[in-house]
Amino acid sequence: MEAFVAATQTNAEILGLSGQVGVVTPGAQADLVPWNGDPLEDPEVFSDPTNAVLVNQAGQIVKDLR
């Protein structure tokens, strides 16, 4: 979990973008990717792109396998 926070929230803070990116909140810019599996329990989930069941990029759905 610390790696996820460092890659998102912490980097947003370093770049002076707190509250704009790196968080899931109304008004923020976000790319969201729900995975078929729990990457905190099994990081290998990321090794297979078909496990990304939805990709929302800048508010637009660009992949939907639901």
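Values in this text are rule-based calculations from the coordinates and carry no lab data. Note that the coordinates shown come from a computational prediction; the quantities given were computed from them, not determined experimentally. Using ideal geometry, Cβ is built from the backbone for each residue, glycine included, and neighbour counts are taken over all protein chains shown.
If only the Cβ of Lys and Arg carry +1 and only the Cβ of Asp and Glu carry -1, the dipole of the chain around its Cα centre is close to 340 debye. Out of these labelled values of mean projected area of the Cα convex hull in nm², (i) 6.0; (ii) 7.1; (iii) 4.9, which was calculated from the coordinates shown here? Matching the structure shown: (iii). Projecting the Cα atoms of 28, 49, 65 onto the dipole axis of the chain, where Lys and Arg carry +1 and Asp and Glu carry -1 at the beta carbon, places 28 farthest toward the positive end. Karplus-based coupling profile of region 12-29, in residue order and whole Hz: 4, 4, 4, 7, x, 10, 3, x, 9, 9, x, 9, 10, 7, x, x, 8, 8, with θ = phi - 60° in 6.51 cos²θ - 1.76 cosθ + 1.60 and x standing for Gly or Pro.
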